[in-house]
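Have a look at the structure below before the remarks.
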Amino acid sequence: QVQLVESGGGLVQAGGSLRLSCAASGRTFGSNAMGWFREAPGKEREFVAAIKWSVGNRLYADSVKGRFTISRDTANNTVYLQMNSLKPEDTAVYYCAAGRSSWGTAQSGYDYWGQGTQVTVSS
């Protein structure tokens, strides 16, 4: 079993920045990819960004391209989401996810999920 713990959420004004972290632990961490998803009040959970663990290939949702950057620290089994130029519509609970074999934008491709961290962007 893999445990994922997110941190770094909070309240920020529009135009500001936050960096989310997700630390993976548990049995040997051999995930193929890690991703970030978010769920805003009254909306379905949606894909934000993903990174292939071994080679670092990245995917982004169109809504965050150019503003968010996903990165990883393979030595410490940690993935980051740097969020710049935040907008009120970025307000959501952000979830970290890890996929054993697949990767991409679909939630079904991920096997482990964190508990989420709240990001609130005020206008």
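The values are calculated or read from the model by the stated rules, or taken from the named source; none is laboratory data. Since this is a predicted model, take the numbers as computed values, not measurements. Positions of Cβ are backbone-derived with ideal geometry, glycine not excepted, and every protein chain shown enters the neighbour counts. Heavy atoms of the whole protein, side chains included, go into the accessibility calculation; ligands, DNA and RNA do not. Shrake-Rupley method; radii C 1.70, N 1.55, O 1.52, S 1.80 Å.
Mind listing just one residue for me: the one in region 23-45 that is at pLDDT below 90 and either closer than 18 Å to Q82 by Cβ or not in a strand (DSSP E or B) (or both) and, of those, most open to solvent (accessible area, probe 1.4 Å)?
Residue satisfying both the conditions and the ranking: R27.
Hey, does region 79-90 have a residue that's over 16 Å from V2 (Cα atoms) and without any contact (Cβ under 8 Å) to a residue 60 or more places away in the chain? Write out each step before concluding.
Looking only at region 79-90, we keep the residues that are over 16 Å from V2 (Cα atoms), and these are 80-90.
Filter again for without any contact (Cβ under 8 Å) to a residue 60 or more places away in the chain, leaving 89-90.
The answer is yes, given that some residue of region 79-90 is over 16 Å from V2 (Cα atoms) and without any contact (Cβ under 8 Å) to a residue 60 or more places away in the chain.
Applying the selection to region 73-87, what residues are on the phi < 0 side of the Ramachandran plot, open to solvent by 20 Å² or more (accessible area, probe 1.4 Å) and either assigned to a loop (DSSP other than H, G, I, E, B) or modelled with pLDDT of 95 or more (or both)?
Just the residues of region 73-87 that are on the phi < 0 side of the Ramachandran plot, to begin with: 73-76, 78-84, 86-87.
Those still in the list that are open to solvent by 20 Å² or more (accessible area, probe 1.4 Å) too: 73-76, 80, 82, 84, 87.
Answer for region 73-87, where residues must be on the phi < 0 side of the Ramachandran plot, open to solvent by 20 Å² or more (accessible area, probe 1.4 Å) and either assigned to a loop (DSSP other than H, G, I, E, B) or modelled with pLDDT of 95 or more (or both): T74, A75, N76, Y80, Q82, N84, K87.
Condition (residue is modelled with pLDDT of 95 or more and hydroxyl-bearing (S, T, Y)) applied to region 46-58: is it met by at least one residue?
Looking for residues that are modelled with pLDDT of 95 or more and hydroxyl-bearing (S, T, Y), one finds none in region 46-58, hence no.
Mind telling me which of the residues S108, S102 ends up being part of a loop (DSSP other than H, G, I, E, B) and at pLDDT below 95? Before the answer, list the steps.
On the way: S108 fails: part of a loop (DSSP other than H, G, I, E, B).
Only one candidate passes the filter, namely S102.
So D90 passes all but one of these: (1) charged (D, E, K, R); (2) buried (at least 21 other Cβ atoms within 10 Å of the Cβ); (3) in contact with an Asp or Glu (Cβ under 8 Å, 6 or more places away or on another chain). Which condition number does it fail?
Going through the list (1) charged (D, E, K, R); (2) buried (at least 21 other Cβ atoms within 10 Å of the Cβ); (3) in contact with an Asp or Glu (Cβ under 8 Å, 6 or more places away or on another chain), D90 breaks only (3).
Take region 52-71 and flag every residue that is closer than 25 Å to V12 by Cα, open to solvent by less than 70 Å² (accessible area, probe 1.4 Å) and charged (D, E, K, R).
R67
Looking only at region 3-22, filter to residues that are part of a loop (DSSP other than H, G, I, E, B) and of a type outside the set (A, V, I, L, M, F, W, C); which one of those is nearest to D73 (Cα to Cα)? Write out each step before concluding.
Restricting attention to region 3-22, the residues satisfying the condition of being part of a loop (DSSP other than H, G, I, E, B) are 8-9, 14-17.
Adding the requirement that they be of a type outside the set (A, V, I, L, M, F, W, C) leaves 8-9, 15-17.
Numbers: G8: 16, G9: 19, G15: 26, G16: 24, S17: 20 Å.
The selected residue is G8.
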